[in-house]
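Asker: Got a structure here, written out as structure tokens. Questions coming.
Bear in mind that the values in this text are calculations on the coordinates, not laboratory data. Just so you know, these numbers come straight off a predicted model, no measurement behind them. Quick reminder, even Gly has a Cβ in these numbers, built from the backbone with ideal geometry, and neighbours come from all protein chains shown.
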Amino acid sequence: MALLFMSDSDDPKVWAEALRALEPGLEVRVWPDVGVAEEIEFALVWLPPPGMLAGLPKLKLIQSLGAGIDHIFSDPELPRDVPVARLVDDDLTRQMVEYVTLAVLSRHRRIDRYRALQAERRWRPSRPVPMSASRVGVLGLGVIGAAAATALAGLGFAVAGWSRAPRQIDGVENFAGAERLDAFLARSDILVCLLPLTPETEGVLNARTLGALPKGAYVVNVGRGGHVVEADLIDAIDGGHLSGAWLDVFRSEPLPSDHPFWSHPSVTMTPHISGLTEPVSAAAQVIENIRRARRGQLPLHRVDLSAGY
Ligand code: NDP
Ligand code: OXD
């Protein structure tokens, strides 16, 4: 019985080595070399092609190579009776917290302004606003959102977070539910998106919600590109309502070379690297889930199909 690995962005050899270090007998096959499909019990995947998982009749576990699972749920033929697990990994969370802190601090200390001044060889110091007067709003208070909100509050920012159900996090004001979204946005000078992509959160950052942010607000998106209506974000920046955006994720990845984000002076972008799953760190959870599946148990961090995350 074997595991099928499928990803265009992760190295199968490194993953096979990390998995076999913990489970020496595990047979790892790499898509598209499936072999006999009936022998595949476990799938470890990032962005599987539609129909791939449905073609594995003995599948017991679908394990995401990342924290998000929208890349699996977008498959219209996804077998609904096989448990789907996402990765919850301390190293991935740490990387995300590091990246979000970088983006928020860069905005807070106006590094964009000093880079522009540097290009013009102008020496123009200005005093930063106190952190306690800089209001950060974190959309999504899950594993990563809660860790980022806690870190930012620890630095001294005035932090609030938005979730579906009420959450209690020390030093972080909570706004829960769709009816509290506008109040949350109205107090967020720097907005960080750390939501999962679901039918409910698709396009959550649009002309209306971006307009509900305070004038001069800044948007950091590390959730998914589908959270942002990209034309609305550009309009909000060009119209002067928003001061800019820091983006790691996009509706189309790789971002097409003619996309306006590439050259927009108020947009900082990176190629979906805020958190990269590290095989040596994450393999233990994958192996634990394989062992659980073999025992007929549910995996760790099983995704709730009805909630979509
Ligand atoms: P979790 O599932 O732990 O947390 C999701 C959070 O979003 C929860 O707080 C949840 O609310 C909230 N939420 C979901 N739907 C809604 C809604 N409709 N309204 C309000 N709040 C909602 O996810 P993680 O923190 O582990 O990860 C978040 C996302 O970050 C991933 O799904 C992925 O897309 C992205 N990511 C991006 C990476 C990158 O490299 N750019 C790397 C890793 C992750 P509640 O608490 O009430 O359930
Ligand atoms: C993830 C990602 O979901 O890297 O882990 O985007």
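Asker: Of all the residues that make up segment 165-175, how many are within 7 Å of ligand 1 (Cβ to nearest atom) and either in contact (Cβ under 8 Å) with a residue 60 or more places away in the chain or surrounded by fewer than 17 Cβ atoms within 10 Å (Cβ to Cβ) (or both)?
Answerer: Within segment 165-175, the subset within 7 Å of ligand 1 (Cβ to nearest atom) is 165, 167.
With the extra rule that they be either in contact (Cβ under 8 Å) with a residue 60 or more places away in the chain or surrounded by fewer than 17 Cβ atoms within 10 Å (Cβ to Cβ) (or both), the set shrinks to 165.
Final tally of qualifying residues: 1.
Asker: Also: If you go through segment 60-89, how many residues are in contact (Cβ under 8 Å) with a residue 60 or more places away in the chain, away from ligand 2 (no atom under 13 Å from the Cβ) and not in a strand (DSSP E or B)?
Answerer: The total comes to 3.
Asker: Sticking with this one: In the list LEU59, LEU3, LEU53, which residue meets the criterion of being surrounded by 15 or more Cβ atoms within 10 Å (Cβ to Cβ) and under 18 Å from PRO279 (Cα atoms)?
Answerer: Values: LEU59 fails: under 18 Å from PRO279 (Cα atoms); LEU53 fails: under 18 Å from PRO279 (Cα atoms).
None of the others qualify; the one that does is LEU3.
Asker: Same structure again: Does ALA158 qualify as being closer than 25 Å to SER306 by Cβ, in contact with a strand residue (DSSP E or B) (Cβ under 8 Å, 6 or more places away or on another chain) and among the small types (Gly, Ala, Ser)?
Answerer: No: the conditions fail for ALA158.
Asker: What number of residues within segment 119-164 satisfy the criterion of being touching a residue at least 24 places away in the same chain (Cβ under 8 Å) and of a type in the set (Phe, Trp, Tyr)?
Answerer: 2
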